[in-house]
1. Could you figure out which of (1) surrounded by 14 or more Cβ atoms within 10 Å (Cβ to Cβ); (2) at pLDDT 65 or above; (3) over 29 Å from His236 (Cα atoms) isn't true of Pro161?
2. With the requirement that a residue be in a helix (DSSP H, G or I) and either among the aliphatic types (A, V, I, L, M) or open to solvent by 40 Å² or more (accessible area, probe 1.4 Å) (or both), what does segment 141-158 give you?
3. When the residues of segment 274-286 are filtered to those that are open to solvent by 50 Å² or more (accessible area, probe 1.4 Å) and within 21 Å of Lys333 (Cα to Cα), which remaining residue is modelled with the lowest pLDDT?
4. Condition first: within 12 Å of the chain's Cα centre (by Cα), open to solvent by 60 Å² or more (accessible area, probe 1.4 Å) and charged (D, E, K, R). Now tell me which residues in segment 488-527 satisfy that.
5. Do we find a residue being farther than 26 Å from Cys79 by Cβ and β-branched (Val, Ile, Thr) anywhere in segment 399-410?
6. Output the residues belonging to segment 67-83 that are within 13 Å of Ile24 (Cα to Cα) and free of Cβ contacts under 8 Å to residues at least 12 places away in the same chain.
7. For segment 78-98, state whether one or more residues are of a type in the set (Ser, Thr, Tyr) and either over 24 Å from the mean Cα position of the chain (by Cα) or part of a loop (DSSP other than H, G, I, E, B) (or both).
8. Could you please find all residues in segment 101-114 being crowded, with 17+ Cβ neighbours inside 10 Å and touching a residue at least 24 places away in the same chain (Cβ under 8 Å)?
Amino acid sequence: MTQAEIKLCSLLLQEHFGEIVEKIGVHLIRTGSQPLRVIAHDTGTSLDQVKKALCVLIHHNLVIYRVHKRSVVEYEAQCSRVLRMLRYPRYIYTTKTLYSDTGELIVEELLLNGKMTMSAVVKKVADRLTETMEDGKTMDYAEVSNAFVRLADTHFVQRCPLVPAPGSSDPEPPLPAPTLVINEKDMYLVPKLSLIGVPETRQEPRLSLLKLTGQLSCYPSPDDGIYWQVNLERFHQHFRDQAIVSAVANRMDQTSSEIVRTMLRMSEITTPSSAPFTQPLSSNEIFRSLPVGYNISKQVLDQYLTLLADDPLEFIGKSGDSGGGMYVINLHKALASLATATLESVIQERFGSRCARIFRLVLQKKHLEQKQVEDFAMIPAKEAKDMLYKMLSENFISLQEIPKTPDHAPSRTFYLYTVNVLSAARMLLHRCYKSIANLIERRQFETKENRRLLEKSQRVEAIIASMQATGAEEVQLQEIEEMITAPERQQLETLKRNVNKLDASEIQVDETIFLLESYIESTMKRP
């Protein structure tokens, strides 16, 4: 755990949950697993506050607990899960593009609340959608429920582990903390709910309150105790697939990318997210599964598949000849190519195109002496030496010594330049974490500096909204708007533009983080 990651976790926890939760979370990240009273003592926080903070962190899957042999419960922070909070906007936007506004709000509610029952999510989302609709229109519960079912069917949401029901045999002494279990078959099984009707309109708040306090308390929800959470791994699988499709489209053409998209879609449920290859698919199966709009013949499809299989990047591999040819997508090589392209792009932006040329050359040839680099890259000796040392000092390339004699004398030693992609990816990932932490701090500074102006703007907007609701005249509204002077308005525009740039930069850096993390994880899991 690097200092950059700890700092970023601290900023994210403080931004989402406040100072107390941030103090407990960062303490657990730094120290590892600890029991409750040790956490309270070391952080100087009251036992009650520590309990509440741990409840919040456990509810959002940011902390796990284990029962040890002496019945001591220890709590451990999940740093990687804390860092996933960076990606919340991307998860929500992806759901919006796939499942429209209803799916977007379902995922947003689950991310904001950590865990929720299906009935609570459906009612909350239906109420929120009804508020945004025109007067008299409402969102049907059944429509929201159908969107939830579609998300569960495609594994974007999943059930949380439950406390197992007690057996009828002799009861054992209860453990200090329950062990949560779930059957894999039930993980995406949606309970049958009779959510029929529509939310109450804003004109009937009293009736809505009576229903909530009366009916729902007397008759508990049929899915009471069955909680759901967002399946982040499934989203990561979708992001990875999108990156592979985009890379194929850039390298070849749209039809090739559509063939790869079809293969990924066919194997997205059957292939585990950590698998190095997809399941083998026959040419006939791929042909039958192509989108309706793509009217290409079987012969053209076979030519495209052969072209993809012969490509030097080896995104597609041929695993057999049955069924017109069996094809797989080499997910590990695809991620390695994307990570390498990211490194090349960074080198080109920081050091120029000549350094990028040397980097690609060393990567291709595996090991090269300095004289060979000069000759192959066709760059003058002095420039080549400067560029190699520059990249070496930044850890993008490494130097390997091969001595001719045991004494390692420089005159009798070969010095070979090589690229360790895994090491370079880790270094770049560390820098990305530092960059995002800097971006968040800058955004917070900008907001803090202009807090009084923002509060004034919000008050004016609230007054205008209330006056519009009561049917105020245009002259009165204009007078209220003039409470914010021209320089203040210009300052607000500048602030808005700067914050938007910082937000966009955070999302872009997180895309790089995702590619590098996926490559490192895929490499570490290889046998």
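1. Of everything listed in (1) surrounded by 14 or more Cβ atoms within 10 Å (Cβ to Cβ); (2) at pLDDT 65 or above; (3) over 29 Å from His236 (Cα atoms), Pro161 misses just condition (3).
2. Residues of segment 141-158 that are in a helix (DSSP H, G or I), as a first pass: 141-153.
Correct list: Ala142, Glu143, Val144, Asn146, Ala147, Val149, Arg150, Leu151, Ala152, Asp153.
3. By that ranking, first place goes to Ser274.
4. Answer for segment 488-527, where residues must be within 12 Å of the chain's Cα centre (by Cα), open to solvent by 60 Å² or more (accessible area, probe 1.4 Å) and charged (D, E, K, R): just Glu511.
5. yes
6. Once the filter is applied, which keeps residues that are within 13 Å of Ile24 (Cα to Cα) and free of Cβ contacts under 8 Å to residues at least 12 places away in the same chain, segment 67-83 yields nothing.
7. First, the residues of segment 78-98 that are of a type in the set (Ser, Thr, Tyr): 80, 88, 91, 93-95, 97.
Subset that is either over 24 Å from the mean Cα position of the chain (by Cα) or part of a loop (DSSP other than H, G, I, E, B) (or both): none.
No: zero hits.
8. Of segment 101-114, the ones crowded, with 17+ Cβ neighbours inside 10 Å are 102-111, 114.
Those that are crowded, with 17+ Cβ neighbours inside 10 Å and touching a residue at least 24 places away in the same chain (Cβ under 8 Å): Thr102, Gly103, Leu105, Ile106, Val107, Leu110, Leu111, Gly114.
The values are calculated or read from the model by the stated rules, or taken from the named source; none is laboratory data. Predicted model, so just to flag it, every value in this text is computed and none were measured. For neighbour counting, all protein chains shown are included, and Cβ atoms are generated from backbone atoms with ideal geometry for every residue, glycine included. Side chains included, ligands, DNA and RNA excluded: accessible areas come from the protein's heavy atoms. Shrake-Rupley method; radii C 1.70, N 1.55, O 1.52, S 1.80 Å.
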